[in-house]
Every structure is written in structure tokens, then in C-alpha cells.
Amino acid sequence: MPLICDICGRHLSPAEVNTIHATSVVNAASKGYVPSNLPPTFKSRHDLFGFTVAYYWANIIVKTNSSSDWGLCQDCLDELDRFNSK
Ligand SMILES: [Zn+2]
């Protein structure tokens, strides 16, 4: 299985993956965090369901993955950390 960042969908080498527990993502999403680097596939999918990007992200993506680990690239992890440390 190819490794990709669970937020932006970028392909990663095993060394580039930062594995974090979903709690950080769930907490950030509950405070209004929406990643700035969502993949194009994400953007076409939310349209399909008639949701806004923010709604689809927080209520579909985050909720359905709220008990698993997330693998993030450094950029997405940095953005998440910046948001959570506010
Ligand atoms: Zn990423």
C-alpha cells in the first residue's frame, strides 16, 4: 500500500510519515481547524454531497477516523501543532 499523508494526500516515504493519534486531529477539528492543504479529490467529493469543505472535513473525515492513528507529512503536522498550541 502506498504511503500517503492522511490530510493532504501527498505520497510519502516511510521515513517521512509522522504517526499521531487521532485525538490531536479531533481536538483541532472541534476548535475549527480545517487543513489548508486538502487534496483535489477531497474538494470534488464534498461538492458531490453538497457539504462545505469545513463541514465535510470535520464531520465526515475526522469523525470516521476518530479512533485510528493518522499518518501525516511534516507540513500538515506542523500546521496542526501550530493550531493546537494556540
Ligand atoms: Zn500532508
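The values are calculated or read from the model by the stated rules, or taken from the named source; none is laboratory data. Keep in mind that this is a model prediction, so the values were computed, not measured. Every residue, glycine among them, receives a Cβ derived from its backbone with ideal geometry; neighbour counts consider all protein chains shown.
Out of the residues in the stretch 32-52 that are at pLDDT 90 or above and either under 25 Å from GLU16 (Cβ atoms) or surrounded by 14 or more Cβ atoms within 10 Å (Cβ to Cβ) (or both), which is nearest to the ligand (Cβ to nearest atom)?
Checking each candidate, the answer is ASN37.
Say we look at the stretch 53-79 and pick out the residues that are part of a helix (DSSP H, G or I) and in contact (Cβ under 8 Å) with a residue 60 or more places away in the chain; which of these is nearest to the ligand (Cβ to nearest atom)?
CYS76
Looking at the stretch 7-21, which of its residues are within 15 Å of the ligand (Cβ to nearest atom) and either surrounded by 11 or more Cβ atoms within 10 Å (Cβ to Cβ) or basic (Lys, Arg) (or both)?
Within the stretch 7-21, ILE7, CYS8, GLY9, ARG10, LEU12, GLU16, VAL17, ASN18, ILE20 qualify.
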